[in-house]
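Encoded as structure tokens, the structure appears first; notes follow it.
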Amino acid sequence: MRLFNSRKLVLALGLAAIGVPAYGHHSFAMFDQTKEVTLKALIVTRFEWTNPHVFVIGKKGSAAYTLECSSPNLMVHQGWKHNTITAGTKIDIVFYPLRNGKPGGMLKTVVLPNGKKISAW
Amino acid sequence: MSWSFHRRFRACCAMTLAACALSAPSFAEVPNISGVWNRFPPMPPTFSGLPDPPEWIVPDPPLKEPYKTQWHQLQERRAAAEAAGNPLPDNSALCKPDGTPMIMWAHYALQILQNPDLKQITVLSEFMAETRRIYLDEELPPIDSIDPGYFGYSVARWNGNILEVTTAGIREDVRFMDTPHSSEMIIKERLFLDNDNYLVNEIEIEDPQYLTETYKLKFMYKKEPLSYKIAEFVCDNQRSIVLPDGSLGMKVEAQ
């Protein structure tokens, strides 16, 4: 589904109570935005600086997490670069989990090794 | 110089001026709309919880029956799917171009290039790296001679300070906000700078086969500084997938 536009926002008023993303390539309804999951010391295995979305792939224990971010064009304006994180970088993250229970979700914030907190949207 | 020379010279100047007045204005005489433009007012930050600005609200299309009922049913299905966490896909979620007029909705920035040598205005969309070419001072060809496409065929002329654009030849499966249309659809746009130098686009969609009246939209854009760079947008890492139930999901990494 496309971006969140007003019509869909009006039609999906039930979702509006919880931070509905205003920008995005598609609907974010597959993510449970009523829950925020915090993971400490996620080890990045891949940082995909790609369109339509950037993805962080990381490992915590035996689980591989797939975390969707915004698009490069918008993340640049948040201060991101293609090499802000790389394989091996250890980060603390907050994300909205997938509703289907699979390990992943929509990445909200990242705390970099230097302590800087940066939004993924 | 003789008196007759002066008379001939003045007559020649008058004829030249008259010819200029009858011809299309040159690029030097028309407003400069070249540049990078973003929708104004902007959307609130993601996750801010703030509603979209009223300027982004799109009126329901004035569809005839049974299209009107079908359109509302689809919106209800979309809303229910959203609420259930199983959103329905659409073209852009599948990395397909927006097409016209959705490109002008400007999900991300638009770069407009006025090309005097080409007699063309080019619209480059950051989202999906879409390209729309608008040919100046041409007549719109017969619709059935236009090969249908995402962007159709656009012609334009300057009427004073207003760029009047006419487009036809949009593929019938390229839909603005789920709005069905016929191959006869005509899109008319009036682009102009307002008193505060915002670019205004008044859009009128005509399609007697599907619409009870003209479908009117209005978008406004703010010019970005020269330092604003359009990013590459090749849609090649598609992790949005259509699941067996028809809803949109995300492909996760193998465990």
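The values are calculated or read from the model by the stated rules, or taken from the named source; none is laboratory data. Quick caveat, the model's predicted, so the values are computed rather than measured. With ideal geometry, Cβ positions are generated from the backbone for all residues, glycine too; neighbour counts draw on all protein chains shown.
What to note about this one:
- Test: residue in region B:138-156 that is surrounded by fewer than 14 Cβ atoms within 10 Å (Cβ to Cβ) and in contact (Cβ under 8 Å) with a residue 60 or more places away in the chain: no
Yes/no matrix, rows are residues, columns are (1) in contact with a strand residue (DSSP E or B) (Cβ under 6 Å, 6 or more places away or on another chain); (2) among the charged types (D, E, K, R); (3) exposed (fewer than 15 other Cβ atoms within 10 Å of the Cβ); (4) modelled with pLDDT of 95 or more:
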site	(1), (2), (3), (4)
A:THR45	yes, no, no, yes
A:PHE55	yes, no, no, yes
A:MET75	no, no, no, no
A:ARG99	no, yes, no, no
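Residue by residue, here is whether (1) out of contact with any Lys or Arg (no Cβ under 9 Å at 6 or more places or on another chain); (2) touching a residue at least 40 places away in the same chain (Cβ under 8 Å); (3) surrounded by fewer than 19 Cβ atoms within 10 Å (Cβ to Cβ); (4) not β-branched (Val, Ile, Thr) holds:
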site: B:ILE162; (1), (2), (3), (4): no, no, yes, no
site: B:PHE176; (1), (2), (3), (4): yes, yes, no, yes
site: B:THR179; (1), (2), (3), (4): yes, yes, no, no
site: B:SER182; (1), (2), (3), (4): yes, no, yes, yes
site: B:LYS188; (1), (2), (3), (4): yes, no, yes, yes
site: B:ASP194; (1), (2), (3), (4): yes, no, yes, yes
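- Test for A:TYR65: is it hydroxyl-bearing (Ser, Thr, Tyr) and touching a residue at least 60 places away in the same chain (Cβ under 8 Å): no
- Residue match in region B:64-80 (condition: closer than 20 Å to A:PRO52 by Cβ and either within 7 Å of another protein chain (Cβ to nearest Cβ) or over 24 Å from the mean Cα position of the chain (by Cα) (or both)): yes
- Residues of region B:145-164 include none that is within 12 Å of chain A (Cβ to nearest Cβ), more than 30 Å from A:THR34 (Cα to Cα) and out of contact with any helix residue (DSSP H, G or I) (no Cβ under 8 Å at 6 or more places or on another chain).
- For region B:226-246, a tally of residues being assigned to a loop (DSSP other than H, G, I, E, B), farther than 21 Å from B:LEU199 by Cβ and more than 8 Å from chain A (Cβ to nearest Cβ) returns 4.
- If only residues of region B:43-63 that are touching a residue at least 60 places away in the same chain (Cβ under 8 Å) and of a type outside the set (Asp, Glu) are counted, the one that is nearest to the other protein chains (Cβ to nearest Cβ) is B:VAL58.
- Conditions (1) within 30 Å of B:GLU138 (Cα to Cα); (2) charged (D, E, K, R); (3) surrounded by fewer than 21 Cβ atoms within 10 Å (Cβ to Cβ); number of the one not met by B:GLU55: (1)
- Leading residue by the ranking (nearest to the other protein chains (Cβ to nearest Cβ)) among those in region B:98-118 that are assigned to a helix (DSSP H, G or I) and surrounded by fewer than 17 Cβ atoms within 10 Å (Cβ to Cβ): B:LEU118
- Which listed residue is more than 8 Å from chain B (Cβ to nearest Cβ), under 30 Å from B:GLY246 (Cα atoms), in contact with a helix residue (DSSP H, G or I) (Cβ under 7 Å, 6 or more places away or on another chain) and in contact (Cβ under 8 Å) with a residue 12 or more places away in the chain, from A:VAL94, A:VAL54, A:VAL37: A:VAL54
- Counting the residues of region B:241-255 that are in contact (Cβ under 8 Å) with a residue 24 or more places away in the chain and either touching an Asp or Glu at 6+ places or on another chain (Cβ under 6 Å) or exposed (fewer than 13 other Cβ atoms within 10 Å of the Cβ) (or both) gives 2.
- Selection within region B:207-225 - of a type in the set (D, E, K, R) and either within 13 Å of chain A (Cβ to nearest Cβ) or buried (at least 17 other Cβ atoms within 10 Å of the Cβ) (or both): B:ASP207, B:LYS223, B:GLU224
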